[in-house]
1. From E59, E42, E80, E70, which residue is among the acidic types (D, E) and open to solvent by 90 Å² or more (accessible area, probe 1.4 Å)?
2. Applying the selection to segment 27-39, what residues are surrounded by 12 or more Cβ atoms within 10 Å (Cβ to Cβ) and either under 20 Å from G11 (Cα atoms) or basic (K, R) (or both)?
3. How many residues, within segment 13-26, are loosely packed, with under 15 Cβ neighbours inside 10 Å and of a type in the set (A, V, I, L, M)?
4. Report, ordered by the first and then the second residue, all pairs with beta carbons closer than 7 Å, sequence separation of six or more or different chains, a first member in segment 14-33 that is at pLDDT 95 or above, and a second member that is open to solvent by 90 Å² or more (accessible area, probe 1.4 Å) and not acidic (D, E).
Amino acid sequence: MRINSSADEIGIYLNKNEALVFFEFLSRYSDSDKMDIEDQAEQRILWNLTCLLESDLAEPFAENYGDLLEAARSEIRDKE
């Protein structure tokens with residue numbers, strides 16, 4: 001797993017095994033609305049992803065992180 005970023009975009013690259021494990025985890029969530037870990041490999045994928053994002057994003061360490069998070073959520077949320 002690796003990350004590549006620019007000012008406005010972050011690209012996350014997975015190898016085939018990581019992608020397959022992550023796909024299964026996300027598919028189960030999509031089908032059930034439950035984020036249950038069925039195998040430690042799924043937990044590893046989530047830990048690795050968190051570490052990559054933490055090393056690339058400055059926002060989680062900003063004083064106004066809550067405001068930045070809410071603005072991002074508002075942009076992404078389905079429009080009514």
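The values are calculated or read from the model by the stated rules, or taken from the named source; none is laboratory data. None of the values given here were measured: they were computed from a predicted structure. Methodologically, a virtual Cβ is constructed for each residue, glycine included, from the backbone with ideal geometry; neighbour enumeration extends over all protein chains shown. These accessible areas exclude ligands, DNA and RNA; they are computed on the full protein's heavy atoms, side chains included. Shrake-Rupley method; radii C 1.70, N 1.55, O 1.52, S 1.80 Å.
1. E80
2. Once the filter is applied, which keeps residues that are surrounded by 12 or more Cβ atoms within 10 Å (Cβ to Cβ) and either under 20 Å from G11 (Cα atoms) or basic (K, R) (or both), segment 27-39 yields only R28.
3. So the count comes out to 3.
4. Going by the 7 Å Cβ cut-off, the qualifying pairs are Y29/M35.
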